[in-house]
1. What is the one condition in (1) buried (at least 18 other Cβ atoms within 10 Å of the Cβ); (2) under 20 Å from residue 194 (Cα atoms) that residue 298 does not satisfy?
2. Based on what the data block shows, is residue 188 of a type in the set (Phe, Trp, Tyr), over 22 Å from the mean Cα position of the chain (by Cα) and surrounded by 13 or more Cβ atoms within 10 Å (Cβ to Cβ)?
3. Condition first: free of Cβ contacts under 8 Å to residues at least 60 places away in the same chain, surrounded by 16 or more Cβ atoms within 10 Å (Cβ to Cβ) and over 30 Å from residue 173 (Cβ atoms). Can you find one or more residues in the stretch 337-360 that meet it?
4. Mind checking which residues of the stretch 317-331 are over 21 Å from residue 177 (Cα atoms) and either hydrophobic (A, V, I, L, M, F, W, C) or not in a loop (DSSP other than H, G, I, E, B) (or both)?
5. Give 19, 62 a once-over and let me know the one that is outside any loop (DSSP other than H, G, I, E, B), surrounded by fewer than 19 Cβ atoms within 10 Å (Cβ to Cβ) and of a type outside the set (Val, Ile, Thr).
6. Does at least one position in the stretch 77-100 carry a residue that is touching a residue at least 40 places away in the same chain (Cβ under 8 Å) and over 30 Å from residue 17 (Cβ atoms)?
7. Taking residue 182 as meeting all but one of (1) under 30 Å from residue 396 (Cβ atoms); (2) exposed (fewer than 15 other Cβ atoms within 10 Å of the Cβ); (3) polar (S, T, N, Q), write down the number of the exception.
8. Residues being surrounded by fewer than 19 Cβ atoms within 10 Å (Cβ to Cβ), out of contact with any Phe, Trp or Tyr (no Cβ under 7 Å at 6 or more places or on another chain) and modelled with pLDDT of 75 or more: count how many of those fall in the stretch 239-265.
Amino acid sequence: MPETAANPSSLFTLVFATALVCSLALKFWLATRQVRHVVEHRNAVPTVFADRIGLQAHQKAADYTVAKTRFGMLELAWGVAVTLGWTLLGGLNALNEAVTQQWGPGLLAQVALIGAFTVLNALIDIPFGLYGTFVIEQRFGFNKTSFKLWLQDLGKSVLLGLVIGGPLLLLILWLMGAAGPSWWIWTWAVWMGFNLLAMLIYPTWIAPWFNKFQPLKDAPLTARVQALMQRCGFRAQGFYVMDGSKRSAHANAYFTGFGASKRVVFYDTLLARLSADEVDAVLAHELGHFAHRHILKRLVSIFALSLVGFALLGWLSTKVWFYTGLGVMPHALGANDALALLLFMLALPAFTTFIGPVFSWTSRRHEFEADAYAVQKSSGAHLASALLKLYEDNASTLTPDPWYVRFYYSHPPALQRLHRVACT
C-alpha cells in the first residue's frame, strides 16, 4: 500500500503541497492575464472615456498596474518559498526547538515562539515593503513618505503590537491551555470582542498616532456634509481632514467607527482634487454602505467564518499528523498551542485561495448598491465625475482583465461602475 494512503501525515503533506502549488499556479495565470490585457490596451483610451481621460494618464495607469502586478508576482513566489521554508523545510521546527531549549516548556515559551516568528517574518518582508514604497510608488509620483517617517511608522506599529497584541496573545494561549476541549469557543469570543473594541477605539486613539486629524474648516462644505447626513438619517461625532498627503498622493474618504465614535474622514488629497458637489457624492456612497448594512453584514460574515476557523483549529490542534504533515514535531508532553496557531496561519491561505472570488463578488455587489444609494441621495453625474478623477489620480487601469477582476477586484472596474451609475 502506498505510504500516503497509510500515513495521514504524508497524505496531509501531499494535500498541502498540492493546494500550495495550485494556488500559486492560479495566481500566476491570473497575473499574467492581467499584464497582457493591460499592455494590449495601453495605447488607446477606451472610447467611453476618451473625452475625459488623456492618453498620457491612461498609459500611466497601465504602466503602474503592470509594475505592481509583476512585483506582486515576485512577492507571491517569495511568499510561497517562505511558507515552504517555515513548514516542510523545517524552519518552524528548528525555531521551536531553539525557543524550547532557551525557555523550556510553558506559556512564556509559547509567547516567545510566536514573538520570534513574527519578528523574523517581518524582517523578511521589509525589503518588499521598502521597494513597493520607495521604488514603485516613488516612480509613479505617489510616494510622499520619507525614510524617517517610514521608520517612525514601523516603530509605532511595533509598539502597538507589543502593548495591544502581547496581552491578547497571552490571553489566547492561556485559554487554549486552560479552557478544556471547548477552548476554541472562548478564544473566538475573545477575538471577536477584541475586534469590536478595536473598531471603537481606532478612530480616536490609534489612528491619530499615524496621522493628524483636524476638524473640517470649510464652512460651506461642512454645511453640505451636515445636510447630506441629515437627509440620510446619520449622525457622526465630527467631520475631519486627514493629512494623507504626507505619505501618499492617493485620495480617499471614509466613514469609520460605530456608536458614539463614528466620524467622517476626508483625505486632504481628496479635498484638493474634488469639487464640493463631488465630495458630497463620494460621502453619499460611503453612507450607502451603512444604509445597506454592508458593515454589519461583513461583521456577521467575519464572525461566522472565524467561528468555523477556530473550530477547525480546535480539531486540527489535537491531530499529530497536522503538525508532522507540515514539518514540525510537536511536544509529546508540553503544550503545542503556539505551534498550532502558527501552522494554521501558514497553511490556511493555500486552502482559502479558491473561495476568494466569492468575497470579491460580494464586495463588488455592495459597491454597486452604495453607488445607487449615492445617486438617490446626491447626484449621479457628480459621482461619476468624482470616480473618474479618483481613477485617474490613483492610476487605476481602465482596462483590467475580466478574469482578474472576477477573482480579485473588491470594487467594480470603471466601465462597469460608471455604466451602472448612468443607468440608475
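1. That leaves (1) as the condition not met.
2. Criteria not met by residue 188.
3. So far as the stretch 337-360 goes, yes, one or more of its residues are free of Cβ contacts under 8 Å to residues at least 60 places away in the same chain, surrounded by 16 or more Cβ atoms within 10 Å (Cβ to Cβ) and over 30 Å from residue 173 (Cβ atoms).
4. Answer for the stretch 317-331, where residues must be over 21 Å from residue 177 (Cα atoms) and either hydrophobic (A, V, I, L, M, F, W, C) or not in a loop (DSSP other than H, G, I, E, B) (or both): just 326.
5. The match here is 19.
6. No, that holds for no residue.
7. (1)
8. Matching residues across the stretch 239-265 total 4.
The values are calculated or read from the model by the stated rules, or taken from the named source; none is laboratory data. Treat the numbers as computed from the prediction; the structure is a model and nothing was measured. Glycine gets a Cβ as well: all are built from the backbone with ideal geometry, and neighbour counts include every protein chain shown.
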